[in-house]
């Protein structure tokens, strides 16, 4: 069966004069996969090699991906890691979540507050524990874009019932580290649609009261 890969014109999700962000939704859990590309150099990174590796490999090749960044280690976010690594792409994850990739492997560790440079772009890593111990978000410098993985969604935090999750920790992580961004910051989550910090911040007391 042939793999249908959408053209870049259909995957383009956000752009300005410096940046292209491409998005595809893959797998049975409708995971968002983002490719962030420097327009000046063509260099790119892929955030969360979740599933449907054939499509991701073709997109990675056509869009200039140099490495893969994992927001956390849950199985639905790492389903294409093996094939990406076999194709020569370096896969990075935090040390706290690295054990969750023991079956698929990884290549390098992402440190809290690390600045990841590709082309003329810089992604700032933000350690956001709570969904998993090593969950991480990425802010693209010079833009309003914040890639939050499964830490922050429209309507609340990510689930904390899984092993390694903790509700109080994720609430503190969101409040201190993500809600410090301006209201117009665009949140690009690991599943579902975009939102903004300004839309979500006022609802924090409701999330605390409901306990999830």
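Since every read-out is calculated from the coordinates, none of them should be taken as a lab result. Because the structure is a prediction, the values reported are computed rather than measured. Every residue, glycine as well, gets a Cβ built from its backbone with ideal geometry; the counts of neighbours run over all protein chains shown.
Quick notes on this one:
- Residue 210-residue 124 pseudo-label distance in nm [points 7 Å out on the Cα-to-Cβ vector]: 3.0 nm
- The order of the peptides 9-19, 119-129 by mean Cβ neighbours within 10 Å, most packed first, is 119-129, 9-19.
- Fully extending the segment from residue 12 to residue 87, taken as 0.36 nm per residue of separation minus the present Cα-Cα distance, adds 24.6 nm.
- Principal-axis analysis of the Cα atoms of the chain puts helix 53-63 at an angle of about 80° to the longest axis.
- The packing ranking of peptides 132-138, 155-161, 101-107, highest mean first, is 132-138, 155-161, 101-107, where packing means the average number of other beta carbon atoms within 10 angstrom of each residue.
- In this label model, residue 61 and residue 4 are separated by 2.0 nm, measuring between points 7 Å along each Cα→Cβ vector.
- Sites residue 25 and residue 203, calculated FRET efficiency, Cβ-Cβ separation with R0 35 Å, nearest 0.05: 0.90
- Efficiency of FRET from Cβ geometry, residue 193 and residue 141, R₀ 30 Å, rounded to 0.05: 0.80
- Computed helical MRE - 222 nm, the chain, DSSP H runs ≥ 4 contributing -39500 (n - 2.57), nearest 500: -4500 deg cm²/dmol
- Separation in nanometres of the label points that stand 7 Å from Cα toward Cβ, at residue 183 and residue 95: 4.0 nm
- Full-stretch length increase - residue 107, residue 175 - with 0.36 nm per residue and alpha-carbon distance subtracted: 21.4 nm
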